[in-house]
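Contents: one structure, followed by commentary.
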Amino acid sequence: MSSVEPNIYDPQQVETAAQKFWEAEKAFEVNETSDKPKYYCLSMLPYPSGALHMGHVRNYTIGDVISRYKRMTGHNVLQPMGWDAFGLPAENAAIKNKTAPAKWTYKNIDHMRSQLKSLGYAIDWSREFATCTPEYYVHEQRMFTRLMRKGLAYRRNSVVNWDPVDNTVLANEQVIDGRGWRSGALVEKREIPQWFLRITDYAQELLDGLDELPGWPESVKTMQRNWIGRSEGLEIQFDVRDVDGSALDPLRVFTTRPDTVMGVSFVSIAGEHPLAMHAAKSNPKLAALLAELKQGGVSEAELETQEKRGMDTGLKAIHPVSGEQVPVWVANFVLMGYGTGAVMAVPGHDQRDFEFASKYNLPKKQVIALKSPRNGDERTYDADRWQDWYGDKSRETELVNSAEFDGLDFQGAFEALAERFERKGQGQRRVNYRLRDWGVSRQRYWGCPIPVIYCDKCGAVPVPEDQLPVVLPEDVTLLGTGSPIKADPEWRKTSCPECGGAAERETDTFDTFMESSWYYARYTSPGARDAVDKRGNYWLPVDQYIGGIEHAILHLMYFRFFHKLLRDARMVDSNEPAQNLLCQGMVIADTYYRPNPDGSKDWINPADVHVERDERGRITGATLIADGQPVVVGGSEKMSKSKNNGVDPQAMVGKYGADTVRLFSMFAAPPEQSLEWNEAGVDGMARFLRRLWAQVHKHVADGAAPALDVAALTAEQKAVRRKTHETIGKVGDDYGRRHAFNTAIAAVMELLNSLSKFNDDSAQARAVRQEALQATVLMLNPITPHACHAMWQLLGHAETLLEDQPFPQVDPAALVKDALTLAVQVNGKLRGTIEVAADAARDQIEAAALAEPNAAKFLEGMTIRKVIIVPGKIVNIVAG
């Protein structure tokens, strides 16, 4: 057993000794043979960017506190770690640094692993993997080929966000103000072949499954419900006539408001719609507009905010009820990727259609009116204020100007129109989802190769399982943004597994969300021949998942979807991948800058700034250390490279020690809230640890403590012991139920303050102090494990492993008070306090309250009407 000299607290010495011990003992490696209940605690795996940031430290410390606490409460705890190692940043860094992405990635993994180990996380490193290795991605390739055979993976042309600089497809969320999130290039709309997974087949189950997740934040579940976007409506057919009157293919539109169909004054179609392209063949102006509309992203947010643009195609749609001809317009807010690529426009009752119709002087028709107007003029339609009442769900409406449907309410109109359209073959009831199938193709190199072979005779053929993995070559030279495997005819060349003829490999790679959607399951089954083996059902679902709320939609949706694929492949039995989800807040820090003549800003790192503060800690001035000249204080923002306000965790660990950094990360704010980085606060945590270390050292130096004799304790000794056990109860609840680590730390600090004021040097006082210090070490162990490891040994437990010690238990007898302090009120106002025996009778309490000097003064000359006693709290004397 290692030991540390118990003199001055030296974090580096303490932490090195503890980490060596844990590694030698393989203290955190677990298996499935334990008779303890399992607990799987998982933090989202990091991207190996090269260095940890404070967001990592906070995320993984939260997971480590939960993991260590659960181990102390008798659980078999799995806390693994891996690397989300594919992706565009590695490729861009490789181009910039003239190296291979693999070399850059593995070097970063080595460095970040050492950083994580320096923070003392209780990780089972035997299960570590990087998602860029064939040993990992072979399993997702195998899954994909199986999904192809089941029809759940397919290829079709799709309009996508194309980044012309990074030469790849971007998700909607990666397009910001019409530009690529990394390159800043103007994004184009392109139609290219893409591979998809049929997540829409699971839309209803993904929606219903949210009700099975009470341990997930409501905000996340709401975002997922909105993203899935279930809606019930009608799909309605509009026949179409060409400019010469000939029939064209009909349009189908989906609407949740069929009651407004008589208000249709035009039909909007996407620029990529076949009818738009047909019309453009004989209309050069329309063809030019369609070319322009290919610029910009395809996200709904962008479509909602951009200026409305469009053009009449000259085609006519036949209204399915009235038979009237209405114009067909191309509109830039309609996309082929959403619904049918066509929208029935009701400008009298839809804001987007209203704006478009107003710009192009198209008719607006009222077909909805209030059933019971509150004043006469509300019956009269005003196009400029239609939203005031159309969106008022509390008021009944009825159809007007709608022929035989006049007077019907929404539901009545829905049913009548559904019956009519279904009878005439013009439409049908439908449930629609906003969710779209998951496009998994990416056109860059550094990703998992999609296991498909293209044959002129057989088409797209999945690579046979015995030929997997399709290995991505790692020893490549990147000269630009083009993919080496696309440029390498030898890598592409292969033979068709069905006919044996010449064929080519798919050169697109998977979206990196593929790797992160199932990594949690692989941790449970290291070395398994398939993605997951029977060990998966031992560990899954994850008991506690931890990560940022920015992953609420994409990652967490794919995470849930892939689990259902694994379930349907009979690899796991559960329906959901994680029972509980904790979304930690951001880490924010002060920003500083100097303005440039052109209006730009030079952002300065906080480490290079001298800050002056007032007595309340508020910044009153800041100067650059290098030249002593002032800098501008820019306010607190999320730590980022762009604002140069990141704090290097390694520098903080080197200066203060890992335990201090961990302690501050957990103390400064509750896990769900933003944490404001403040080095003065870090220094305060360092002082607290030194104070605790000194108390333990002094106590040990005073000699061994005798056995605790509860019956022999004085009132003061009982009070200190009661404080110890009250703290145990609170900290256990804060760790286990509330995840309120900041208040747990505050409670331990209060206990330490009480101990510092406990000046009794008797034998039983030392026994009380021994119990309190042992409890303190055990309670802080999940947060500051290195120091606690050393202090546990100092307290006389050199032969026992702290990590195997149970969390301290509350002794109910210690909480019992011999005496109670009660507030004394006269007519509801506090006038004093009394101390009575805990078992004092009512008449004794009443007599003591009436005799309390200050209360007696206020009762002079008054008649006591009654005395109200709230047991253990208050005595209220009612007098007049």
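Angle between the Cα long axis of helix 715-733 and the longest principal axis of the chain, 0 to 90 degrees, nearest 10? Tilt of helix 715-733: around 10 degrees. With respect to the chain, whose longest principal axis is taken over its alpha-carbon atoms, helix 658-667 is tilted by about 70°. Given in Å, the Rg to one decimal and the Dmax to the nearest whole number for the Cα atoms of the range 173-249 are 19.9, 61. All alpha carbon pair distances within the range 565-668 were sorted into 5 Å bins beginning at 0; the resulting P(r) in whole percents reads 2, 10, 14, 16, 16, 11, 6, 6, 6, 4, 4, 4, 2, 0. Global size of the range 23-119: 16.3, 52 Å for Rg and Dmax (C-alpha atoms, Rg to one decimal, Dmax whole). Relative to the longest principal axis of the Cα atoms of the chain, the long axis of helix 284-293 makes an angle of roughly 10 degrees. Using C-alpha pairs below 8 Å separated by at least 6 residues, the relative contact order for the chain is 14 percent.
I'd like to compare 269-276, 13-20: which one has the highest average count of other Cβ atoms within 10 Å, and what's the full order after that?
Working: 269-276: 23.5, 13-20: 18.8.
Put in order of decreasing packing, that is 269-276, 13-20.
Taking Cα atoms of the range 74-174, Rg/Rh with Kirkwood Rh, to two decimals?
On the way: Rg = 18.0 Å, Rh = 17.0 Å.
Over the Cα atoms of the range 74-174, Rg/Rh equals 1.06.
A convex hull fitted around the alpha carbon atoms of the range 819-879 yields 64 Å³ per residue.
For the range 160-308, what does the alpha-carbon gyration tensor say about shape, rounded, prolate or oblate, given a ≥ b ≥ c as the root eigenvalues, a/c under 1.5 as rounded, and a/b over b/c as prolate? Oblate.
Each of I553, I485 has some number of other Cβ atoms within 10 Å of its Cβ, and from fewest to most they run I553, I485.
Can I get the semi-axes of the range 679-815's equivalent ellipsoid? Compute them from the C-alpha gyration tensor as square roots of 5 times the eigenvalues, in angstrom, largest first. Could you put the intermediate results ahead of the total?
On the way: eigenvalues 97, 62, 48 Å².
Calculated on Cα positions only, the semi-axes equal 22, 18, 15 Å.
Remark: spin-label model distance R429-T833 equals 6.8 nm, labels positioned 7 Å along the Cα→Cβ axis.
Which FRET efficiency value, to the nearest 0.05, do you get for R567 and I95 by plugging their Cβ-Cβ distance into 1/(1 + (r/R0)^6) with R0 = 30 Å? Could you put the intermediate results ahead of the total?
Numbers: r = 40 Å, r/R0 = 1.34.
That pair, R567 with I95, gives E of 0.15.
Along the axis of the charge dipole computed for the chain (Cβ charges of +1 for Lys and Arg, -1 for Asp and Glu, origin at the Cα centre), the listed residues M143, G323, W22 are led at the positive end by G323.
Based on the Cβ-Cβ distance of D843 and K757, what FRET efficiency does E = 1/(1 + (r/R0)^6) give at R0 = 35 Å, to the nearest 0.05? Display every interim value, and only then the final one.
On the way: r = 36 Å, r/R0 = 1.02.
Plugging the Cβ-Cβ distance into 1/(1 + (r/R0)^6) gives 0.45.
Taking R0 as 41 Å, what FRET efficiency do you get between L370 and R190 from their Cβ-Cβ distance, rounded to the nearest 0.05? That pair, L370 with R190, gives E of 0.30. Residues in the range 95-128 near a label at K20, defined as backbone nitrogen under 16 Å from the 7 Å Cα→Cβ point? Correct set: 118. Taking GluC sites (Glu not before Pro) across the range 547-645, the ones in a DSSP loop with at most 14 further Cβ atoms lying within 10 angstrom of their Cβ are E615.
Each peptide in 494-504, 679-689 was scored by the mean count of other Cβ atoms within 10 Å over its residues; highest first, the order is 679-689, 494-504.
Near R831, the amide H atoms lying under 5 Å from its own belong to V824, Q825, V826; only residues 5 or more places off or on other chains count, and H is placed 1.01 Å from N. For the range 37-44, backbone phi angles converted through the Karplus equation (6.51, -1.76, 1.60; θ = phi - 60°) give residue-by-residue couplings of x, 6, 8, 10, 10, 9, 9, 4 Hz, Gly and Pro being listed as x. For a straight C-alpha distance cut-off of 21 angstrom, the lysines reachable from K486 (same-chain residues fewer than eight places away being disregarded) are K96, K98, K103. Using only Cα coordinates, the Kirkwood hydrodynamic radius of the range 458-617 works out to 21.1 Å.
Rounded to the nearest 20 debye, the dipole magnitude of the range 679-815 is 300 debye, with +1 charges on Lys and Arg beta carbons, -1 on Asp and Glu beta carbons, and the Cα centre as origin.
When only the Cβ of Lys, Arg, Asp and Glu is charged (+1, +1, -1, -1), the dipole of the chain relative to its Cα centre reaches about 140 debye.
Would you work out the charge dipole size for the range 587-638 about its Cα centre, treating the Cβ of every Lys and Arg as +1 and the Cβ of every Asp and Glu as -1, and quote it to the nearest 20 debye?
Values: 6 positive and 9 negative charges, 32 e Å.
In total the dipole reaches around 160 debye.
Under the criterion of Cα pairs below 8 Å and six or more residues apart, the relative contact order for the range 91-173 equals 10 percent. Taking the range 811-880 as the region of interest, the number of lysine pairs whose Cα atoms are within less than 17 Å, with members eight or more places apart or on different chains, is 4. Net length available on complete extension from D648 to Q204 is 155.4 nm, with 0.36 nm assigned per residue and the Cα-Cα distance removed. By the count of neighbouring beta-carbon atoms within 10 Å, fewest first, M44, M862 end up ordered M862, M44. Residues in the range 601-617 carry Karplus couplings, in order, of 10, 9, 7, 10, 5, x, 5, 9, 10, 9, 10, 9, 10, 8, 5, 9, x Hz; the curve used is 6.51 cos²θ - 1.76 cosθ + 1.60 with θ = phi - 60°, and Gly or Pro positions show x. Computed over the Cα atoms of the range 587-638, pair by distinct pair, the Kirkwood hydrodynamic radius stands at 11.5 angstrom. Taking the helices alone, the chain has a mean residue ellipticity at 222 nm of -10500 deg cm²/dmol, built from -39,500 (n - 2.57) per DSSP H run of at least 4 residues and averaged over all its residues. Taking the three principal axes of the alpha carbon atoms in the chain, the coordinate ranges are 107, 83, 64 Å, sorted in descending order.
Mind ranking 659-670, 142-153, 866-877 by how tightly packed they are, going by the mean number of other C-beta atoms within 10 angstrom, highest first?
Going by the mean number of other Cβ atoms within 10 Å, highest first, we get 659-670, 142-153, 866-877.
For the range 833-874, which GluC sites (Glu not before Pro) are both in a DSSP coil and crowded by at most 12 other Cβ atoms within 10 Å? Kindly include the intermediate steps, with their values, before the conclusion.
Details: sites: E835, E846, E860; in loops: E860.
When the GluC sites (Glu not before Pro) of the range 833-874 are filtered for loop state and at most 12 Cβ neighbours within 10 Å, E860 remain.
Since every read-out is calculated from the coordinates, none of them should be taken as a lab result. Quantities reported herein were computed from a predicted structural model and do not represent experimental measurements. Note that each Cβ is placed from the backbone with ideal geometry, even for glycine, and that neighbours are counted across all protein chains shown.
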